[in-house]
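The values are calculated or read from the model by the stated rules, or taken from the named source; none is laboratory data. Source: prediction; values computed, not measured. Please note: Cβ atoms are built from the backbone with ideal geometry, for glycine as well, and neighbour counts cover all protein chains shown. Ligands, DNA and RNA are stripped out before the accessible areas are found, and what is left, the full protein with its side chains, is counted by its heavy atoms. Shrake-Rupley method; radii C 1.70, N 1.55, O 1.52, S 1.80 Å.
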Amino acid sequence: MRDNKLLELSFEFSVKIVNLIDNVKIPKSAFMLEQLARSGTSVGANIHEAQYAQSRKDFIAKLEIALKETSETSYWLKLMYKTNRIDEETYKNTECLCGNIRRLLIASCRTAKEKL
């Protein structure tokens, strides 16, 4: 991962998710907020953990978990937007960053698998 770009973006994404959650004011959203918090911050946690993988297969497994978490996070972001918990700008900006991370993860997984 060149210059740890994926690591940096995923940490930035986790911060963005935490701040987004802290700013939601509509009641009865706790279950969605918790799911978004878990999946959104799990992306970066798994990418960080992959840096200390025990093997290339372990590295790939951690990145693939992070990839799955980006998909789940996109779901929760869309649900939060469609139910008026977050505004359109917040949704689009956060989803864009999530998509960028997803594309980097796909490329990283592909490269790591080719090197197996």
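Compute the angle between helix 56-82 and the longest alpha-carbon principal axis of the chain, please, reported from 0 to 90 degrees and rounded to the nearest 10.
Orientation of helix 56-82: about 20 degrees from the principal axis.
So with the 1.4 Å probe, I'd like the accessible area per residue for the chain, rounded to whole Å².
On a per-residue basis, the chain sits at 61 Å².
Reachable lysines from LYS78, Cα under 20 Å, same-chain residues fewer than 8 places away excluded?
In chain and number order, the partners are LYS16, LYS25, LYS28, LYS68, LYS92.
Just the number, please: carbon plus sulfur as a percent of the accessible area of the chain, 1.4 Å probe, no ligands or DNA/RNA counted.
Roughly 51 percent, rounded to a whole number.
Quick check: residue separation of PHE31 and LYS5 times 0.36 nm, minus the Cα distance between them. What number comes out in nm?
The span from PHE31 to LYS5 would gain 6.2 nm if fully extended.
On a C-alpha basis, how far is the centre of region 45-116 from the centre of region 2-24 in Å? Whole number, if you could?
Going from one Cα centre to the other spans 11 Å.
For the chain, find the longest principal axis of its Cα atoms and tell me its angle to the long axis of helix 5-23, 0 to 90°, nearest 10.
Once rounded, one gets 20 degrees.
Charges only on Cβ, +1 for Lys and Arg, -1 for Asp and Glu: so what's the dipole of the chain about the Cα centre, in debye to the nearest 20?
I would put it at about 360 debye.
Averaging over every viewing direction, what projected area does the convex hull of the Cα atoms of the chain cover, in nm²?
6.8
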